[in-house]
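What follows is one structure encoded as structure tokens, with my remarks underneath.
The values are calculated or read from the model by the stated rules, or taken from the named source; none is laboratory data. As the structure is a prediction and not an experimental result, all values here were calculated from the model. As a convention, Cβ positions derive from the backbone with ideal geometry for all residues, glycine included, and neighbour counts pool all protein chains shown. Accessible surface areas use protein heavy atoms only, side chains included; no ligands, DNA or RNA. Shrake-Rupley method; radii C 1.70, N 1.55, O 1.52, S 1.80 Å.
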Amino acid sequence: MSEPMSGPTAGPRTHRLRVLDVIAETSEAHSLVLQPPPESADRFAYRPGQFLTLKLPGPDGKPVARCYSLASSPHTGEPMKVTVKRVPGGYGSHWLCDHVATGEELEALPPAGTFTPPSLDHDLLLVAGGSGITPVLSIAKSALAQGWGRVALLYANRDESSVIFRDELRELTENHPDRLLVLHWLESLQGLPTTDRLSAALAPYADRETFVCGPEPLMDAVEQGLRTLGTPGARIHRERFFSLSGDVFETPSVEERTTAAADITTAQHVNTTAQHVTTAEVELDGETRTVRWPSGTPLLDVLLTAGVDAPYSCREGACSACTCRIVAGEVKMLRNDVLDDQDIAEGYALACQAVPLTDRVRITYS
Ligand code: FES
């Protein structure tokens, strides 16, 4: 049975999270301990290394979106926690550090992101710079709590006062002396972490799956250093910081119809004189839906309009939260700042940027 899907029909995509605590980690960084409402708990299950997109009141009254990595681990029983470091001249980080207090509520999209190890049982190399420690700490704690592998973590900072989570890292090292090695790199003492110097420091761990988060020059130096040691690029995962410019909370408006999987036989490719329409079969959360996908329209817009709770964050091709895989048919991406050639060759695409090229396309989010 087909249901008419005219205009925005889905409910609110953000959820209200209660602020259980605000922790001053350093003079520049605050952690917000958050609790989703019981009815949204399932939507806020997350993987280590993922992030939340928070909805903040903007300076002109319009909402703005800001993404913050989760520093907590989903495997230790601790509550969900994001850590925010003040960015010079940045609006969102200052607003959060200055205005949010215990007991208040923040609106957020569910966790998203692909900066997460496929297995916690392998040995890992983790590299963080400054507040880039946030997702890296989540991965480290998860690997130690849930997996079997060893973890080497190199953490670069300007000086000792900028080290976030110093006590937590020390405690983790004490509790897992045989599995966790933390190497602090303080620029005030050791100088800049250049490619050559990083290459020397990371050489013993160059055969490991590697996760890097921090300033772009640090990530470049780590990647170059590891590649000179022979680490394949596919084994080096980088988390990018990006800033959002549009209103990602606005519901797109695409006039289309959607059918349940059982009705696929009735769903036909539709050719109109005005607009070519592709039939898309989408598997998400164990359910398969068929939607009609007008040419030139991003897949994510079609899904959100149809009431499908598809993951996303930036809607600008910059974060990878909306990554899906094309199983059959072809698409092209209008913009892509995150997927590399190998990802694309393996069929991955950004739903927020994918437009159809063939009459039928099959997509999976699993
Ligand atoms: S939502 Fe960020 S890349 Fe698509």
Checking Thr288 against (1) within 16 Å of the ligand (Cβ to nearest atom); (2) not in a loop (DSSP other than H, G, I, E, B), the condition it does not meet: (1)
Return yes when Val84 is crowded, with 18+ Cβ neighbours inside 10 Å, of a type in the set (A, V, I, L, M, F, W, C) and free of Cβ contacts under 8 Å to residues at least 60 places away in the same chain and no when it is not. yes
If Thr210 passes every condition in (1) polar (S, T, N, Q); (2) within 15 Å of the ligand (Cβ to nearest atom); (3) modelled with pLDDT of 95 or more but one, which one does it miss? (2)
Which listed residue is free of Cβ contacts under 8 Å to residues at least 24 places away in the same chain, in the same structural domain as Gln146 (by TED's automatic domain parsing) and either closer than 23 Å to Gly49 by Cα or more than 25 Å from the chain's Cα centre (by Cα) (or both), from Arg208, Arg179, Arg170: Arg170
Restricted to the range 350-366 and to residues being outside any loop (DSSP other than H, G, I, E, B) and either without any contact (Cβ under 8 Å) to a residue 60 or more places away in the chain or open to solvent by 40 Å² or more (accessible area, probe 1.4 Å) (or both), the residue farthest from the ligand (Cβ to nearest atom) is Arg360
Only one residue in Thr258, Thr305 is over 29 Å from Glu216 (Cα atoms), of a type in the set (Ser, Thr, Tyr) and either away from the ligand (no atom under 16 Å from the Cβ) or modelled with pLDDT of 95 or more (or both), so which one is that? Thr258
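Taking Ile344 as the residue in question, decide whether it is within 16 Å of the ligand (Cβ to nearest atom) and at pLDDT 95 or above.
Details: within 16 Å of the ligand (Cβ to nearest atom): yes; at pLDDT 95 or above: no.
No: the conditions fail for Ile344.
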Starting from residues that are surrounded by 18 or more Cβ atoms within 10 Å (Cβ to Cβ) and among the charged types (D, E, K, R), keep the ones in the range 108-151 and report whichever is farthest from the chain's Cα centre (by Cα). Arg150
Residues (assigned to a loop (DSSP other than H, G, I, E, B), surrounded by fewer than 22 Cβ atoms within 10 Å (Cβ to Cβ) and either modelled with pLDDT under 95 or within 8 Å of the ligand (Cβ to nearest atom) (or both)) located in the range 313-334: Glu316, Gly317
I'd like to check something: does the range 184-195 contain any residue that is open to solvent by 60 Å² or more (accessible area, probe 1.4 Å) and either under 22 Å from Ala143 (Cα atoms) or within 17 Å of the chain's Cα centre (by Cα) (or both)? yes
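Restricting attention to the range 99-107, does a residue exist that is among the polar types (S, T, N, Q) and exposed (fewer than 14 other Cβ atoms within 10 Å of the Cβ)? Reasoning before the result, please.
Going through the range 99-107, the residues among the polar types (S, T, N, Q) turn out to be 102.
Narrowing further to those that are exposed (fewer than 14 other Cβ atoms within 10 Å of the Cβ): 102.
Yes, the range 99-107 contains a residue that is among the polar types (S, T, N, Q) and exposed (fewer than 14 other Cβ atoms within 10 Å of the Cβ).
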Quick check: is even one residue across the range 218-231 exposed (fewer than 15 other Cβ atoms within 10 Å of the Cβ), free of Cβ contacts under 8 Å to residues at least 60 places away in the same chain and on the phi > 0 side of the Ramachandran plot? yes
